[in-house]
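Each reported figure results from applying straightforward, stated rules to the coordinates on display, with no laboratory input. What you see is a predicted model; the values in this text were computed from it and never measured. Reconstructed Cβ throughout: ideal geometry from the backbone, glycine too, with neighbour counts over all protein chains shown.
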Amino acid sequence: MEKAVVRWAEEVTNLTAKGNEFAFEEMQRYFSTEQIVSLTVLCGMWNLTGRVAEALHLVVEPPGERISFQKGSTP
């Protein structure tokens, strides 16, 4: 089941899900239509945030550092 989800996420990310019947049928074996839609939307939103951040030159987490959410907080 985990391999099916990873395969589906990769297909969605690479914009090749529409043409991969095997990946879709594999998802149908393990998940309901509603679950497949939810996972697909989640993948799409995750990709969207990465693409927007990249386009705007945003560095979410500088290399070698962690995000500090509040002053004085420790990573």
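Can you name every residue in the range 12-34 that is hydroxyl-bearing (S, T, Y), out of contact with any helix residue (DSSP H, G or I) (no Cβ under 7 Å at 6 or more places or on another chain) and either surrounded by 13 or more Cβ atoms within 10 Å (Cβ to Cβ) or under 21 Å from L48 (Cβ atoms) (or both)? Explain how you work it out, then say what you get.
Keep residues of the range 12-34 that are hydroxyl-bearing (S, T, Y), which gives 13, 16, 30, 32-33.
Subset that is out of contact with any helix residue (DSSP H, G or I) (no Cβ under 7 Å at 6 or more places or on another chain): 16, 32-33.
Result: T16, single match.
Do the conditions hold for A9, that is, is it surrounded by 12 or more Cβ atoms within 10 Å (Cβ to Cβ), among the small types (G, A, S) and within 28 Å of E61 (Cβ to Cβ)? Quick ask: steps written out before the conclusion?
Numbers: surrounded by 12 or more Cβ atoms within 10 Å (Cβ to Cβ): yes; among the small types (G, A, S): yes; within 28 Å of E61 (Cβ to Cβ): yes.
Criteria met by A9.
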Only one of these is under 11 Å from the mean Cα position of the chain (by Cα), in a helix (DSSP H, G or I), without any contact (Cβ under 8 Å) to a residue 12 or more places away in the chain and surrounded by fewer than 13 Cβ atoms within 10 Å (Cβ to Cβ): V37, V41, V52. Name it.
V41
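Kindly provide the set of residues from the range 8-23 that are part of a helix (DSSP H, G or I) and free of Cβ contacts under 8 Å to residues at least 12 places away in the same chain, ordered by number. If you could, list the steps in order and put the result at the bottom.
Of the residues in the range 8-23, the ones part of a helix (DSSP H, G or I) are 8-13, 17-19, 21-23.
Within the range 8-23, E10, K18, G19, E21, F22 meet the criteria.
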